[in-house]
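Take a look at the structure set out below.
Rule-based calculations on the coordinates, nothing more; no lab input. All values derive from a computational prediction rather than experimental measurement. Note: ideal-geometry Cβ built from the backbone for every residue, glycine included; neighbour counts use all protein chains shown.
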Amino acid sequence: MTRRRTQVAIIGGGPAGLLLGQLLHRAGIDALLLERRSAEYVLGRIRAGVLEQGTVDVLERAGVAARLREEGLVHDGVEIGFQGRRHRIALKSLVGKSVTVYGQTDMTRDLMEARAASGADSLYEAEDVQLHDIGGTQPRVSFRHRGASHEIDCDFIAGCDGFHGVCRPSIPANQLSVFERVYPFGWLGLLADVPPPWSELVYANSERGFALASMRSPTRVRCYVQCGLDERVEDWSDVRFWDEFRRRIGEEIADQVTLAPSIEKSIAPLRSFVVEPLRFGRLFLAGDAAHIVPPTGAKGLNLAVSDVCYLHEALRDYYRERSERPLDEYSARCLRRVWKAERFSWWMTRQLHLFPGDAFDRRMQQTELEYLFESKAAQASMAENYVGLPLEAR
Ligand SMILES: Cc1cc2nc3c(=O)[nH]c(=O)nc-3n(C[C@H](O)[C@H](O)[C@H](O)COP(=O)(O)OP(=O)(O)OC[C@H]3O[C@@H](n4cnc5c(N)ncnc54)[C@H](O)[C@@H]3O)c2cc1C
């Protein structure tokens, strides 16, 4: 068995783990990153695509925004389709901020390239990662890599290993409070190489269920339809997907949709989930390891970014000032932002999907949307949350 030491062991090489590694590197803090999958696999996952201004700012500070500045698509509004009409929420003119469409895959690639260029250590295909002594001051991480056993001594462990990772379950269950809502439907997503005929994201609430017209670049669309939890991707041919999408998204867009072949299709369940606190001893949870939002509000990736921004500040201040206080404040600081994003994502999901409720619920949804379309104050509230609430300054 080989043994080595690092200041921070980062578990998980998704956006949270990679960005934390980059921010720590720039602060002069040594971190070793362990990822269960191969780099190619991580890059192949099609996920989020809408970045808040605060996220763009953090990526700028991390020195990984050059390509994002060139290729990111700045959107000043989003649209909501309902009862045959589209209503625009003018983000920029309502609250002075925009969002940037830039795929999670592209952001991950930028971070991987920056990490490789910095010479910082990442081990992909790390198997059987286990955490030890996280309640004490000298935690360890053991794992296997290319058939050999390894152990890392470290000061801290950053649990950036997503919802199904090993870090959160390493915390004694009686030390965590869990808050969860599972929704009775999922999203079927399709990626296709065709220029989007829409210039901004279009969220549609139709009698047949939710649909979202989105994009990843000027030549690539990402579209979704609400589907049942028991549905299988194999049962959705491209033709069936586009047919359903067109019926839901509204006539005007439906007429312009090209029935392009998919390059990826997948179903994701929708869930709201938070654990409290985000710390146990020397282990800190960040991103999807600590919380999940339904994707309707486009908040999952953005929350992962704000968590690791706060975590890197706390670790930086710990090493500079030898003060535990920033670390003690980490969880509460994150959770203030997390719960507001949970609320907004829950609200967006509630207003835009077809729920198995009664006629009263449907009328409430209709009334809420009509109020939104009529009231500048309601639009400003939605816009303020959609572009992202500000990160707390230290
Ligand atoms: C199918 C899907 C679609 C989504 N769509 C959207 C969207 O449209 N908009 C949006 O805002 N958000 C979306 N999200 C959410 C968004 O992608 C996540 O919030 C974001 O990826 C969180 O980043 P993360 O680094 O915390 O977690 P992840 O991206 O999940 O990264 C965690 C990493 O840890 C690794 N790992 C897991 N276990 C171990 C282990 N034991 N040892 C070592 N490594 C491990 C994983 O392989 C993974 O690479 C989507 C998520 C999913 C699953």
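How long are the semi-axes of the ellipsoid equivalent to segment 202-341, from square roots of 5 times the Cα gyration tensor eigenvalues, in whole Å, largest first?
They are 41, 15, 13 Å, listed from largest to smallest.
Residue farthest toward the positive end of the dipole of the chain, with Cβ of Lys/Arg at +1 and Asp/Glu at -1: which of G28, M1, H132?
G28
What FRET efficiency, computed as 1/(1 + (r/R0)^6) with R0 = 51 Å and r the Cβ-Cβ distance, is obtained for S381 and E127, rounded to the nearest 0.05?
Values: r = 47 Å, r/R0 = 0.92.
Calculated transfer efficiency: 0.65.
Plugging the Kirkwood radius over Cα pairs into Stokes-Einstein for segment 195-258, at a temperature of 4 °C and a viscosity of 1.567 mPa s, what D comes out in µm²/s?
On the way: Rh = 12.2 Å.
It diffuses with D of about 107 µm²/s by this estimate.
What would the Debye formula give as log10 I(q)/I(0) at q = 0.23 Å⁻¹ for the alpha-carbon point model of segment 106-153, no solvent?
Per q value, in the given order, log10 I(q)/I(0) is -0.87.
Quick check: convex hull of the Cα atoms in segment 128-199, volume per residue, rounded to a whole Å³?
So the per-residue hull volume is 228 Å³.
Taking 8 Å as the Cα distance limit and 6 or more residues as the minimum spacing, I'd like the relative contact order of segment 251-394 as a percentage. If you can, show how the numbers build up before the last one.
Details: 111 pairs, mean separation 29.3, N = 144.
Relative contact order of segment 251-394: 20 percent.
Output the relative contact order of segment 70-177, whole-number percent, from Cα pairs under 8 angstrom with separation of 6+ residues. Write out the running numbers ahead of the final one.
On the way: 108 pairs, mean separation 15.2, N = 108.
Relative contact order of segment 70-177: 14 percent.
Please identify the trypsin sites (Lys or Arg not before Pro) of segment 231-319 that satisfy two criteria: DSSP loop assignment and at most 12 other Cβ atoms within 10 Å. Which are they?
Working: sites: R232, R240, R246, R247, R248, K265, R271, R279, R282, K299, R316; in loops: R232, R282, K299.
Counting only loop positions with at most 12 other Cβ atoms within 10 Å, the trypsin sites (Lys or Arg not before Pro) in segment 231-319 are R232.
Quick check for me: using +1 on Lys/Arg Cβ and -1 on Asp/Glu Cβ, what's the dipole size of the chain about its Cα centre, in debye to the nearest 20? Mind dumping the intermediate values first?
On the way: 51 positive and 54 negative charges, 98 e Å.
That gives a dipole near 460 debye.
So for each of 159-165, 147-153 I average, over its residues, the number of other beta carbons within 10 Å; can you give me the resulting order with the highest mean first? Intermediate results must be reported in sequence, preceding the final value.
Working: 159-165: 22.3, 147-153: 14.0.
In descending order of packing, they fall as 159-165, 147-153.
Expressed in nm², what is the orientationally averaged projection area of the convex hull enclosing the Cα positions of segment 82-213?
Details: hull surface 58.1 nm².
Over every viewing direction, the Cα hull of segment 82-213 projects on average to 14.5 nm².
Please pull out the direction-averaged projected area of segment 262-394, using the convex hull of its alpha-carbon atoms, in nm² to one decimal place.
Working: hull surface 44.5 nm².
That works out to 11.1 nm².
222 nm [θ] for the chain, helices only, -39500 (n - 2.57) per DSSP H run of 4+, per residue, to 500?
Numbers: 13 runs with 150 residues, N = 394.
When only DSSP H runs of four or more count, the value is -11500 deg cm²/dmol.
Please check which bits of segment 52-76 a label hung off E113 would reach, taking the label as a point 7 Å along Cα-to-C-beta and the cut-off as backbone N under 14 Å.
63-72
Can you bin every Cα-Cα distance in the chain into 20 Å intervals starting at zero and give me the percent of pairs per bin, rounded to whole numbers?
28, 56, 16, 0
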